[in-house]
Amino acid sequence: MAQKKADLLKRKNQLNKKRKKSKITIDGKEYHFHIIVWEDIVGDSTITSFDDFCKMKTASITSFAYIFKKDEKYLYTFASYSNDGYFGDRNIIPLGVVKEIAKI
């Protein structure tokens, strides 16, 4: 876990060097840019052995996005937007699978 936090901080620092603007304002509301690490489902429909099945792991996903909102169950994110108030590249991530969130 310590190595994962170190990797997350390293990625955050690299991105901060490249990025000067970590927040945007749309229709008077500020949105902050984040690095989000979350666990995703991995599936396979092939026939496999017991040993191979036991080796299966979930995927650790890293997303870079603005947080639109967060409620008690979900994190709502977007990665693109238009100047007239529209959002693109949207995701809703269950908070139960989120491992790390860091503001960039």
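Name the pairs whose Cβ atoms lie under 7 Å apart, with the first residue in the range 17-38 and among the aromatic types (Phe, Trp, Tyr), the second in a loop (DSSP other than H, G, I, E, B) and modelled with pLDDT of 90 or more, and 6 or more positions between them or separate chains?
Phe33/Ile104
Identify, from the list Leu95, Leu75, the residue that is buried (at least 16 other Cβ atoms within 10 Å of the Cβ) and either more than 17 Å from Arg11 (Cβ to Cβ) or not basic (Lys, Arg) (or both).
Leu75
If we scan the range 43-52, do we find a residue that is without any contact (Cβ under 8 Å) to a residue 60 or more places away in the chain, within 24 Å of Asp7 (Cβ to Cβ) and among the aliphatic types (A, V, I, L, M)?
No - not one qualifying residue is present in the range 43-52.
The values are calculated or read from the model by the stated rules, or taken from the named source; none is laboratory data. The structure displayed is predicted, hence computed values, not measured ones. Neighbour counts are summed over all protein chains in view; Cβ atoms, including those assigned to glycine, are modelled from backbone coordinates with ideal geometry.
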